[in-house]
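Bear in mind that the values in this text are calculations on the coordinates, not laboratory data. Given the structure is predicted, the values throughout are model-derived calculations rather than measurements. Cβ coordinates were reconstructed from backbone atoms using ideal geometry, including for glycine residues, and neighbour counts include every protein chain displayed.
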């Protein structure tokens, strides 16, 4: 496919939630088989604004409220997808995956393979992820590692409105199951203000961003910072501060975990020699370990220094001083870079 | 209601095919596993759950189903697959782990998928219930009159996936029929030990949908109950829960010594042979013994042929293990990044 | 400041004021910056009064001449949030 011609300059900005909704609305208009199902997605518009405004246009049939019954409705999404529809099913909080994980990882993720490719599951599983607002251990997780680890599902983690829309178009059109993990703090919700960064210009036309394509959000030559989701913006802030100290940091936004773009990371580390991985998931057996290992696999000789910045292996605590302690912030990223020598 | 003779004969054919199929698979399975039972040895490695004795439920229910109706089945699926019209050769090849199996050898006997007749089975208890509800949801959204049937064992009625599915099917008024095959035993646990609800179809009342219990190993009675339930679903009058009495003639899985089961129980089970009962119904309808014999012989030949064919099929290339995780490329529907010029935004 | 005859105010006002008791609110998000061209009906910004979120639309085609209330700024109902140079 040829490169698209450069469009006129895009000025109109959207929050990440509005960008997602714009993509979903467009796909629903184009294709009657697309529908959205989840808890409180109809009148409420999604607890985190994931379907805001769609009920008016599409009605209760296609913006479907479901009972608090994740096993049933996520499994129903699998069944409907296997019948040829293209459901988008939402986990209100990714932390709720536990009650329905069988349908997710044993059906949604495996039916294509177990059937030798004769069956496919063209559904999107959206899930709100992330902490920083004191919702404690059962409502603040990202679980990036958990979903990326189990084979059979593509895993997408947008950090900006522009990425969110392009990845959502791809996710809905893809004939494979895609887990679309959106960070609550990035959505641009009034009662949970977003940091600077996720609100970006977004083209009005539809467009697709490929999976497995990490995005260099900031170029640099001294250190490679690899991250995703909320921490893309914290890393960019840290990079600004580091620049004042004469350290040029490259910030790579992974954008998808499955498939994973290690090539972009390796290319960067070949230049910088220093790798800092930042993740809002638990440290052990997750994203940070995976990136470091992937780079070591391919470019061990170029790798001089490594730092992993992630949540410690503890359930996320409620009280502010403790939550601030466990979820890495901009200073933690800066410190990690400075400690690289 | 009288079931016409051609339909009775079809059910009989499905049932004798299924019975003989399970008996032959038992032989094949045990080969290479004696005298010491090594589960991974022999032409059919792994677990094998055979449905000898349960044939009536598959045959009686599937008589009312079309190819575009969806069926999900549990880990004891062969009698249902046969009655639904799954092609015997690729199914058998899959059980033998061959490349030309339904799943190219990747699924095995508990994970048989045949999209041509919309049949799928799975290995987690009650797991097939939500996807069946989903197929019903798709039918409703498309204004189609297809239906979905989820089969499960009586040991599955306490699993959340089943209970949640009853609720979702009911509140959405979906064309789904749930069929509980009650063979009294959840592996080694008798019904009495694990639930107070001895009649599983009674659970329906708690979910505001009709529940029907068919007490005998009687294919015709099952046929009648299924006709009504499936008809109700096709007429868009919502879901039904049916429970049918069957019996398990073999162990839970091959290799199960069934020491938990008294001999008396096993013998009593064998006396309730639903195939013999249906044969009696056929004779009462004037069908000659020779005709029954012909049906049986043809069925046995079909099974033997399928098994011999399957055993002749090549094994998969080990490298194939890496294929078929996705149907689209990993990158999705595009490989290229769009090229927009974005100004402004938060910096 | 330029001649005001072509400038149209974007005000924190609308039918929604009937649904809220409070007089004050906050600007949550701007979707266009000064200098951007907009069409009538485009969503320009999102404001919040009490717990209600409201989209403020462009009253006319034109260019955003000045943003009077930035993100996180408070306003009183009726205040001008921005000026559009119409045309």
Practice problem: Please find the FRET efficiency linking residue B:38 to residue B:188, where r is the Cβ-Cβ separation and R0 is fixed at 22 Å, and quote it to the nearest 0.05. | Solution: 0.50
Practice problem: Run through every distinct alpha carbon pair of region A:137-190 and return the Kirkwood hydrodynamic radius in angstroms, one decimal place. | Solution: 12.3 Å
Practice problem: Select from A:115, A:248, A:17 the residue whose mean-square fluctuation is largest in a Gaussian network model of chain A (Cα-Cα springs shorter than 10 Å). | Solution: A:115
Quiz item: Counting only DSSP beta bridges with both residues in region B:5-314, what percent are antiparallel, rounded to the nearest 5?
Solution: 15 percent
Quiz item: Anyone know which of A:240, A:11, A:290 comes out most mobile in the 10 Å Cα GNM of chain A?
Solution: A:11
Self-check item: Convex hull volume per residue for region B:153-268, taking Cα atoms only, in Å³
Solution: 103 Å³
Quiz item: Considering the alpha-carbon set of region B:5-314 alone, what are its Rg and its Dmax in angstrom?
Solution: 18.5, 56
Self-check item: Largest to smallest principal axis extent of the C-alpha atoms in the protein assembly as shown, angstrom
Solution: 105, 66, 52
Quiz item: What Kirkwood hydrodynamic radius do you get for region A:33-189 when you take the inverse of the mean 1/r over all pairs of distinct Cα atoms, in Å?
Solution: 15.5 Å
Exercise. Restricting to the protein assembly as shown, compute how many DSSP beta bridges are antiparallel as a %, nearest 5.
Key: 40 percent
Quiz prompt | For chain A, alpha-carbon Rg relative to the globular expectation (2.2 N^0.38 Å, N residues) | solution = 0.97
Exercise. List the residues of region A:303-341 whose backbone N lies under 16 Å from a point placed 7 Å from the Cα of residue A:196 along the Cα-to-Cβ direction.
Key: A:330-331
Self-check item: Spin-label model distance (nm) - residue A:320 vs residue C:66, 7 Å beyond Cα toward Cβ
Solution: 3.7 nm
Quiz item: PRE reach from residue C:86 (point 7 Å along Cα→Cβ): which of region C:27-69 fall under 11 Å by backbone N?
Solution: C:59-62
Quiz prompt | Part-to-part distance (alpha-carbon centres) for region A:233-290 and region B:1-61, which is given in Å | solution = 56 Å
Exercise. Please work out the Kirkwood hydrodynamic radius for region B:82-172, using every pair of different C-alpha atoms, and report it in angstroms with one decimal place.
Key: 14.2 Å
Practice problem: Using label points projected 7 Å from each Cα along Cα→Cβ, tell me how many nm separate residue B:342 and residue A:138, to one decimal. | Solution: 3.7 nm
Quiz prompt | Of A:102, A:205, A:65, the one that fluctuates the most in a GNM where chain A has Cα springs shorter than 10 Å | solution = A:205
Quiz item: For residue B:237 and residue B:202 in the same chain, what is the full-extension length gain: residue separation times 0.36 nm, less their Cα-Cα distance, in nm?
Solution: 10.7 nm
Practice problem: Could you tell me which of rounded, prolate or oblate describes region A:215-338, using a ≥ b ≥ c as the square roots of the eigenvalues of the alpha-carbon gyration tensor, with rounded for a/c under 1.5 and, failing that, prolate when a/b is larger than b/c and oblate otherwise? | Solution: oblate
Practice problem: Can you pull the one-decimal nm distance between simple spin-label points at residue B:297 and residue B:4, each 7 Å off the Cα toward Cβ? | Solution: 2.7 nm
Quiz item: Rounded to the nearest 5, what is the percent of antiparallel bridges among the DSSP beta bridges in region A:13-201?
Solution: 15 percent
Quiz item: Hey, can you rank B:226-235, B:253-262, C:15-24 by average C-beta count inside 10 Å, highest first?
Solution: B:226-235, B:253-262, C:15-24
Quiz prompt | Sites residue B:308 and residue B:227, calculated FRET efficiency, Cβ-Cβ separation with R0 30 Å, nearest 0.05 | solution = 0.25
